[in-house]
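Below is one structure, written out as structure tokens; comments come after it.
The values are calculated or read from the model by the stated rules, or taken from the named source; none is laboratory data. Quick caveat, the model's predicted, so the values are computed rather than measured. Please note: Cβ atoms are built from the backbone with ideal geometry, for glycine as well, and neighbour counts cover all protein chains shown. To get the accessible areas, we keep the full protein, side chains included, count just its heavy atoms, and leave off ligands, DNA and RNA. Shrake-Rupley method; radii C 1.70, N 1.55, O 1.52, S 1.80 Å.
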Amino acid sequence: MLQQFLVVAGLSSATYMLTALGFTLIFGIMRVVNFAHGEFLLIGAYTVFVAQYNLGLDYMIALPLAAVVAGGFGIIAERLVFRRFTGDETGGMIVALALAITIKGAVTIIWGVDSQPIDRPFSGSFQIAGAFIPKDQLFAAVMALVLVAGTYWLLNHTRLGLAMRAVAQAPDVARLQGITPWKTYPAAFAIGCALAGFAGALAAPIYGAEPNMGEAALMKAFIVVVLGGLGSIPGALLAAVLLATIEAGISILFNSSIAALASFLVVIVVLLVRPAGILGRT
């Protein structure tokens with residue numbers, strides 16, 4: 001049982017990290033709570049579906065294509081919708097909810113409410129030390145960790161990443177250093193949405209593509225980000241591990257419904273003790 005617990009917790013941690021990373025990246029840089037984040041994950045999942053069944057593309061080609069499409073929609077959304085709400089958290093939340101409803105409604109009109117199957121790149125499972133590891137979930141977890149590591153490298157070792165960090169910490173000081181926030185925001189929003197697209201494309205072969213999948217993903221991402229501290233990337237990664245570990249243990253001992261309830265109880269307890277989250281700033 002311990003081995004299976006560790007496997008479930010590890011696989012879930014990686015996917016939670018990827019789902020929450022784009023959400024907290026956008027908030028940390030633009031101060032926009034993107035409640036449409038789950039729908040960009042939805043865009044990634046349906047891009048894979050269209051690429052496979054309408055264009056005849058292999059999943060490995062559809063996977064990066066999903067990120068490109070979601071990132072492209074992110075640039076359009078930033079330009080047309082979110083730019084005027086940068087720094088306005090309440091206005092940003094309202095317009096993000098409107099955008100989420102619009103995207104979900106469009107997907108429902110075009111493809112209906114039924115789940116669309118996605119061809120799995122890997123099938124079956126293997127056993128290590130008594131624990132069963134599904135190959136498709138392992139692939140998704142490994143890819144998620146690679147993307148998280150790549151984003152960390154981007155933020156810490158490239159001019160664009162350093163510019164985004166500067167804008168997040170002190171926009172006025174960044175302007176004095178020649179960094180233009182209005183050029184940085186579209187890049188940050190595109191990267192955040194592309195990460196969501198990747199997450200949707202990785203989840204689609206496992207769970208299928210259906211219009212409500214964005215809501216569940218957003219809820220997980222929001223819980224992780226609140227636990228870690230809004231805008232704190234290290235906090236989000238730590239919170240992803242914490243949440244996945246708690247849910248894995250409770251799911252094995254009881255059931256997934258109780259595990260979902262426990263995640264909200266953890267949020268309440270953490271916020272009562274640390275209102276800013278584990279590594280968040282007041």
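Results for (1) touching a Cys at 6+ places or on another chain (Cβ under 6 Å); (2) free of Cβ contacts under 8 Å to residues at least 24 places away in the same chain; (3) assigned to a helix (DSSP H, G or I), shown as yes or no for each residue.
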| site | (1), (2), (3) |
| --- | --- |
| 244 | no, no, yes |
| 249 | no, no, yes |
| 261 | no, yes, yes |
| 268 | no, yes, yes |
| 278 | no, no, no |
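Does residue 91 fit the bill of being more than 30 Å from residue 129 (Cα to Cα) and touching a residue at least 12 places away in the same chain (Cβ under 8 Å)? Criteria not met by residue 91. Scanning region 157-191 for residues that are open to solvent by 60 Å² or more (accessible area, probe 1.4 Å) and either in contact (Cβ under 8 Å) with a residue 60 or more places away in the chain or under 28 Å from residue 41 (Cα atoms) (or both) yields 157, 159, 160, 162, 165, 169, 182, 183. For residue 104, the criteria (1) within 19 Å of residue 197 (Cβ to Cβ); (2) without any contact (Cβ under 8 Å) to a residue 40 or more places away in the chain hold in every case but one, which is (2). Scanning region 6-25 for residues that are crowded, with 24+ Cβ neighbours inside 10 Å and either under 12 Å from residue 151 (Cβ atoms) or at pLDDT below 90 (or both) gives 17, 18, 20, 21, 22, 24, 25. Candidates in region 199-230 are the residues that are in a loop (DSSP other than H, G, I, E, B) and open to solvent by less than 30 Å² (accessible area, probe 1.4 Å); of these, the one that is nearest to residue 151 (Cα to Cα) is 229. Residue 113 satisfies every condition listed in (1) open to solvent by 70 Å² or more (accessible area, probe 1.4 Å); (2) in contact (Cβ under 8 Å) with a residue 40 or more places away in the chain; (3) over 22 Å from residue 197 (Cβ atoms) except (3).
Residue check: residue 79 meets all listed conditions (1) modelled with pLDDT under 95; (2) out of contact with any Pro (no Cβ under 6 Å at 6 or more places or on another chain); (3) surrounded by 15 or more Cβ atoms within 10 Å (Cβ to Cβ); (4) within 21 Å of residue 182 (Cα to Cα) but one, namely (3).
Output the number of residues of region 221-250 satisfying the condition of being polar (S, T, N, Q) and closer than 14 Å to residue 16 by Cβ.
Of the residues in region 221-250, the ones polar (S, T, N, Q) are 232, 245.
Now restrict to residues that are closer than 14 Å to residue 16 by Cβ: 245.
The number of residues fulfilling the criteria is 1.
On the basis of being modelled with pLDDT under 80, in a helix (DSSP H, G or I) and touching a helix residue (DSSP H, G or I) at 6+ places or on another chain (Cβ under 6 Å), does residue 144 make the cut? Against the criterion (modelled with pLDDT under 80, in a helix (DSSP H, G or I) and touching a helix residue (DSSP H, G or I) at 6+ places or on another chain (Cβ under 6 Å)), residue 144 does not qualify.
Do the conditions hold for residue 183, that is, is it over 30 Å from residue 108 (Cβ atoms) and assigned to a helix (DSSP H, G or I)?
Details: over 30 Å from residue 108 (Cβ atoms): yes; assigned to a helix (DSSP H, G or I): yes.
When the stated conditions are applied, residue 183 passes them.
Regarding residue 132, is this residue open to solvent by 50 Å² or more (accessible area, probe 1.4 Å), outside any loop (DSSP other than H, G, I, E, B) and over 21 Å from residue 31 (Cα atoms)? Considered against the rule, which asks whether it is open to solvent by 50 Å² or more (accessible area, probe 1.4 Å), outside any loop (DSSP other than H, G, I, E, B) and over 21 Å from residue 31 (Cα atoms), residue 132 comes out as yes.
Of the numbered criteria (1) surrounded by fewer than 22 Cβ atoms within 10 Å (Cβ to Cβ); (2) closer than 15 Å to residue 190 by Cβ; (3) modelled with pLDDT of 90 or more; (4) charged (D, E, K, R), the one residue 104 fails is (2).
If you check 53, 59 for being within 21 Å of the chain's Cα centre (by Cα) and either modelled with pLDDT of 90 or more or among the polar types (S, T, N, Q) (or both), only one passes: 59.
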